[in-house]
Amino acid sequence: MSSAFWKSVLISPVALGIVLFLSARVMATPKSNGVDAAPVASSARNLILNKASGTTPVKVAASETTPATTTPATKPLTDFTDDVATDIVKPGDWQYIALQGVATKYGCNPNLNNQPVSEIEFARGLNTCLGKVEPLLAQQPGSVTREDLEVIKRLTQEYRAQLTEIDGRLTNTDKKVAQLQANQFSTTTKLKGEAIFNITGAVSGSNANNTLFGDRVRLLFETSFSGKDRLWTRLAAGNQPGVTSNLINGVTPEGTQVAEGGSNNAASLDWLAYQFPIGSTNLYVPAFGGIHVDYAPTYGSNFEDATGGNGALSSFAESSPIYKIGGGAGVGTNFPLADKGLTSVTVGYLAGSANRPTAGQGLFNGDYALLGQLNFKLSDKFDAGLTYVNSYHSGNNPIYAFGGAGGSSPTQLLPNSGGVTGTALANGNFAGTTANSYGAQFAYRASDTLAFNGFVLNTNANKGGGIGRQDLWSYGAGVSLPNVDGKGSLIGLLVGAEPYVGGVGSTPFHLEGFYKYKFSDNLSITPGLIYLTAPNQINGNGALIGVVRTTFTF
């Protein structure tokens, strides 16, 4: 549930860039030779000027003697020429020589590098040395001679304008940092969100062709404790029932939209997971609401948005239904192998009732899905995966339902029909189902504006209640045109068959087309159509569903 589209509400990159720029270019110079560069405020400059002018007595240590040979910093002012500062300060100028003398004597680093510098760069170096002299005046006044103070005074007066500019920049930066610190959400957590307004309805094939206006809202708290780990905590609410719960051919999860689910916008936790690095891989550990999409490549190309509102309209069109088998709590990871060929191996285990202590429940005794996948990169443009899932589904729990049914789903606020894809016949069981599922998926990026993807799935299900063995099939192929207008918009077309029982009734084809028009990084509108040729594998009474989805991300 990656969230590729949520905006951070912590220190923004732009503001942080300003802070770093001003800090590096104005406040201080880099550490060199073990000497720390330090900024100085205008109060320090006033202290130095006062001492040099005699307003504040200057105490000279009793042991101090006048050296026979003075350094440039202690050279009498009358020996300096009255050169007027120009835009460039060169190594031979008296100002340059004087500042280097101060730097040598008091251990500051003006970072001049014996190169010509601009007046503002010279003033930064002077500012650094003032910051070094200031604590000496306060703590050991006798360690700074009157001659040195006279030199510093003249330099300070001559570059007063540049030093004032630096002070102004520092003040503004301090204000910005204070504002950011006062208003930031957290030092460890980013807040991201998504809100969907969804207008939809069955144009034909329904007992009541009503137009619905539903919504779904998600708030994600993304926390990092080390900079390399992630803790995801997500709250969700929604109010849209399943549009296909009132079809003439009966209730079916076919055509379930990603925006469906929820009950009267009651907010609840729908995802809690932690990811952290171990060696060359990241370990994904969901405590609640995990699905295989969170850690496994799905090859859904531009249709996949991890159940978010910026990809396909339906759950079926996002990616192969094999990734909808199972969900909940568990663990998942990818083991990298190579850059080409067989690039990685993905393994994961998710349990739908991991938190329940009753018989037939728990982490290992209830509903579960064990996934293994081989990931291939056959060229720079062609990727593919081979997937196996072994799963168990207790009575009345659909197979393709992210590990749950109705209100008991660990991840999705599922519609009333239960499940997120497939016919009612394929999903239905009354006394428990064990299943072995085999899938193959591919994604081909022909260009930056044209991509293809496809999948095929076979589930060998052994259902209780006298149903026995069933072969369930699903397949699909899609073409997408990302960034079709140069602004990030997306056109998607997909044709396939949602999971169905082989050899029974008609093949339930699913046709979907949509155009996501992107107004900005935070707002898109996606009109589209979904057509089901034979809902519930019953020929005739095909259902046409219209959708206009508006997605806000923040």
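The values are calculated or read from the model by the stated rules, or taken from the named source; none is laboratory data. As the structure is a computational prediction, the values presented were derived from the model and not from experiment. Cβ sites come from the backbone with ideal geometry, for glycine too, and all protein chains shown count toward neighbours.
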Every residue from the stretch 366-393 that is more than 18 Å from Gly289 (Cα to Cα) and polar (S, T, N, Q): Gln373, Asn375, Ser379, Thr387, Asn390
Could you grab me the full set of residues in the stretch 90-135 that are touching a Leu at 6+ places or on another chain (Cβ under 8 Å), within 13 Å of Tyr159 (Cβ to Cβ) and assigned to a loop (DSSP other than H, G, I, E, B)? Pro110
Of the conditions (1) surrounded by fewer than 22 Cβ atoms within 10 Å (Cβ to Cβ); (2) closer than 30 Å to Lys516 by Cα; (3) not hydroxyl-bearing (Ser, Thr, Tyr), Phe316 satisfies every one except a single condition; which number is it? (1)
Kindly indicate which of Leu219, Leu272, Leu212 is in the same structural domain as Ala426 (by TED's automatic domain parsing) and more than 21 Å from Val420 (Cα to Cα). Leu219
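Filter the stretch 522-539 down to the residues that are out of contact with any Leu (no Cβ under 9 Å at 6 or more places or on another chain), free of Cβ contacts under 8 Å to residues at least 60 places away in the same chain and not polar (S, T, N, Q) and list them by number. Quick ask: steps written out before the conclusion?
Quick first cut of the stretch 522-539, residues out of contact with any Leu (no Cβ under 9 Å at 6 or more places or on another chain) only: 522-523, 525, 527, 534, 538-539.
Those left that are additionally free of Cβ contacts under 8 Å to residues at least 60 places away in the same chain: 523, 525, 527, 539.
Matches in the stretch 522-539: Leu523, Ile525, Pro527.
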Filtering the stretch 500-532 for residues that are among the β-branched types (Val, Ile, Thr) and surrounded by fewer than 17 Cβ atoms within 10 Å (Cβ to Cβ) leaves a count of 3
Per-region count, the stretch 477-530, residues over 23 Å from Thr550 (Cβ atoms) and in a loop (DSSP other than H, G, I, E, B): 7
Quick test for you: out of Tyr299, Tyr284, pick the one residue that is closer than 22 Å to Leu371 by Cα, under 18 Å from the mean Cα position of the chain (by Cα) and among the hydroxyl-bearing types (Ser, Thr, Tyr). Tyr284
Counting just the residues of the stretch 285-296 that are modelled with pLDDT of 95 or more and crowded, with 22+ Cβ neighbours inside 10 Å, which one comes out farthest from Leu457 (Cα to Cα)? Pro286
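For the stretch 360-403, give me the residue count where each residue is free of Cβ contacts under 8 Å to residues at least 60 places away in the same chain and within 22 Å of Lys340 (Cα to Cα).
Step one: filter the stretch 360-403 for residues free of Cβ contacts under 8 Å to residues at least 60 places away in the same chain, giving 360-368, 370, 372, 374, 376-380, 386, 388, 390, 392-394, 396-397.
Filter again for within 22 Å of Lys340 (Cα to Cα), leaving 372, 374, 376-380, 386, 388.
Summing the residues that are free of Cβ contacts under 8 Å to residues at least 60 places away in the same chain and within 22 Å of Lys340 (Cα to Cα) in the stretch 360-403 gives 9.
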Candidates Tyr500, Tyr475, Tyr517, filtered to the one that is more than 21 Å from Gln240 (Cα to Cα), aromatic (Phe, Trp, Tyr), touching a helix residue (DSSP H, G or I) at 6+ places or on another chain (Cβ under 6 Å) and modelled with pLDDT of 95 or more: Tyr500
So which residues in the stretch 194-215 are out of contact with any Ser or Thr (no Cβ under 8 Å at 6 or more places or on another chain), under 21 Å from Ser524 (Cα atoms) and surrounded by fewer than 16 Cβ atoms within 10 Å (Cβ to Cβ), if there are any at all? Phe213
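Let's see how each residue does on (1) among the aliphatic types (A, V, I, L, M); (2) touching a Cys at 6+ places or on another chain (Cβ under 8 Å); (3) touching a residue at least 12 places away in the same chain (Cβ under 8 Å):
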residue	(1), (2), (3)
Gly330	no, no, yes
Leu337	yes, no, no
Ala351	yes, no, yes
Arg356	no, no, no
Answer yes if at least one residue in the stretch 386-402 is part of a strand (DSSP E or B) and over 22 Å from Tyr284 (Cβ atoms), and no otherwise. yes
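To keep it simple, each residue is scored yes or no on (1) over 23 Å from the mean Cα position of the chain (by Cα); (2) of a type outside the set (D, E, K, R); (3) at pLDDT 95 or above.
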| residue | (1), (2), (3) |
| --- | --- |
| Thr200 | yes, yes, yes |
| Asn210 | yes, yes, no |
| Leu220 | no, yes, yes |
| Arg230 | no, no, yes |
| Thr233 | no, yes, yes |
| Gln240 | yes, yes, no |
| Thr244 | yes, yes, no |
| Gly250 | yes, yes, no |
Does the stretch 176-192 contain at least one residue that is surrounded by 19 or more Cβ atoms within 10 Å (Cβ to Cβ) and closer than 30 Å to Pro241 by Cβ? yes
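Does Val547 count as surrounded by 17 or more Cβ atoms within 10 Å (Cβ to Cβ), closer than 19 Å to Ser245 by Cβ and touching a residue at least 60 places away in the same chain (Cβ under 8 Å)? Even if it seems obvious, please write down each step before you answer.
On the way: surrounded by 17 or more Cβ atoms within 10 Å (Cβ to Cβ): yes; closer than 19 Å to Ser245 by Cβ: yes; touching a residue at least 60 places away in the same chain (Cβ under 8 Å): yes.
When the stated conditions are applied, Val547 passes them.
Residues to consider are Thr358, Thr333, Thr343; find the one that is assigned by TED's automatic domain parsing to the domain that holds Val293, surrounded by fewer than 20 Cβ atoms within 10 Å (Cβ to Cβ), under 25 Å from Asp448 (Cα atoms) and hydroxyl-bearing (Ser, Thr, Tyr). First the steps, then the outcome.
Details: Thr358 fails: under 25 Å from Asp448 (Cα atoms); Thr333 fails: under 25 Å from Asp448 (Cα atoms).
Only one candidate passes the filter, namely Thr343.
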Scanning the stretch 297-313 for residues that are more than 20 Å from Leu235 (Cα to Cα) and either not polar (S, T, N, Q) or not assigned by TED's automatic domain parsing to the domain that holds Ile525 (or both), the one surrounded by the most Cβ atoms within 10 Å (Cβ to Cβ) turns out to be Leu313
Just checking, how many residues over the stretch 362-388 are under 12 Å from Leu350 (Cα atoms) and either crowded, with 20+ Cβ neighbours inside 10 Å or outside the structural domain of Thr343 (by TED's automatic domain parsing) (or both)? 5
